[in-house]
Structures are given as structure tokens and as C-alpha cells.
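The structure appears below as C-alpha cells.
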Amino acid sequence: MRNFVRAKFEQNGFVRLSEALCVQRARYFPRKFAAGKSRKARKFRHIFALGIGGNIGNSARRFDRFAREISRDPRFRLVATSSLLINPAFGYLDQPNFTNAVALLRTSQSPRRVLALMQHYERKFRRTRTFRNAPRTLDLDILYFSAKVRPDARLIVPHPGAHERVSVVFPLGEILAKGNL
């Protein structure tokens, strides 16, 4: 059964959040991180939006742990994170609700290298890919990337459907509304 939750845009351009169940906070969500003024901080020439999701175990705690780890990774600079949005599963519906968030990060890595690194983090947090839209501990999606990206079978940016999903539109809008870009 294919039943995808999509953002419902009103005529005035706003999104109806009827598909979202609630918004939560965690230690690192939402948060704005120090910009860093050193020469090292200025070397990060790309900015990207990362979708973070999960529905197995304590997702809020796992997201906090991921934020701590990625902020210690010298290849990335964490800029800001959104609140946590709890919403029903889509695609495969017989699973727990999802926790979703968005993070803005800076890097000098190529989009394909960032993809490989995010897949490494998914494995580190015990993500297994059993079938499409299966329950997962941590799902990391590159939503938008400032560098040019050639679409291929492994990476399409902007992420397909990102502009239609409440789990992306609301958290990303929250970050941008606070002037975190």
C-alpha cells in the first residue's frame, strides 16, 4: 500500500500541519550553534540541509547523540537544528510514528562524499535496510546542498518530495524563520 503523507499547502502558501502529531524538544533540538571565527571555520564553503528521522527506540536521545558526534567531526560545522516533529509513518504504515528534524551544516566535502559519510553515521547508529520505508533507528537524507549536484542513481538533490513533506517543510521553515542561514 502506498500512502504518502504530504504537506497540504493552503491558498495563502502556508502549510497545514494536520498530519503532524506534535512538536518536541531535546537537548540539541532546536539549537543554534556558534559560528566559529577561526580560519578553520571559514574553510567550510558549502551549506546543506540534512533531514534526520527515525522510529525505533528513543529517537530524541539518538538524535542528540548524533548531533554531538557530527559537531565533533572536523569535516562538518553544525549551524542549527530544528525542533523534533512527531508524525505518522508513510509508505509502509504498520510501524511506529516517526521523529523528524532538520539540521543545517557546513562542509567542504563534495555532495557524494557527504552522502558516504552520512551512510557511515547511519551504520554507526545501527541502521539496517531491510525494505523500502522500513522502520529505522536513524535515517539521514541530504535535502538541499549549496554545491551543484549532478543527479544520479545514488544522490538526487534537492531530495525528491522534500518541498512537499511536512517532516521537512516545518522543521526547515522553523530554522530559516529564526535567521539561521
Which numbered condition THR107 misses (of (1) under 24 Å from VAL166 (Cα atoms); (2) in contact (Cβ under 8 Å) with a residue 60 or more places away in the chain): (1)
Looking at ARG127, ARG123, ARG113, which is the one that is touching a helix residue (DSSP H, G or I) at 6+ places or on another chain (Cβ under 9 Å), basic (Lys, Arg) and either free of Cβ contacts under 8 Å to residues at least 40 places away in the same chain or more than 20 Å from PHE98 (Cβ to Cβ) (or both)? ARG127
Only one of ILE86, ILE70, ILE52, ILE56 is out of contact with any Asp or Glu (no Cβ under 9 Å at 6 or more places or on another chain), among the aliphatic types (A, V, I, L, M) and closer than 21 Å to PRO160 by Cα. Can you tell me which? ILE86
Can you find, within region 69-93, the residue that is surrounded by the fewest Cβ atoms within 10 Å (Cβ to Cβ) among those that are more than 19 Å from GLN109 (Cα to Cα) and over 15 Å from the mean Cα position of the chain (by Cα)? LEU93
If only one of GLY179, GLY161 is surrounded by fewer than 18 Cβ atoms within 10 Å (Cβ to Cβ) and either modelled with pLDDT of 85 or more or under 18 Å from HIS46 (Cα atoms) (or both), which one is it? GLY179
Quick check on my filter: what residues within region 53-78 are in contact with a Phe, Trp or Tyr (Cβ under 6 Å, 6 or more places away or on another chain) and of a type in the set (Val, Ile, Thr)? ILE70
Are any residues in region 163-180 part of a helix (DSSP H, G or I) and more than 17 Å from LEU105 (Cβ to Cβ), and if so, which ones? HIS163, GLU164, VAL166, SER167, VAL169, PHE170, GLY173, ALA177
I'd like to check something: does region 47-66 contain any residue that is among the β-branched types (Val, Ile, Thr), over 21 Å from ALA20 (Cβ atoms) and surrounded by fewer than 21 Cβ atoms within 10 Å (Cβ to Cβ)? yes
Flagged pairs (Cβ under 6 angstrom, 6 or more apart or on separate chains; first in region 84-96, touching a residue at least 12 places away in the same chain (Cβ under 8 Å); second part of a loop (DSSP other than H, G, I, E, B) and among the acidic types (Asp, Glu)) are ASN87/GLU19
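The values are calculated or read from the model by the stated rules, or taken from the named source; none is laboratory data. Keep in mind it's a predicted model, so treat the numbers as computed, not measured. Positions of Cβ are generated from backbone atoms using ideal geometry, with glycine treated the same way; all protein chains shown enter the neighbour counts.
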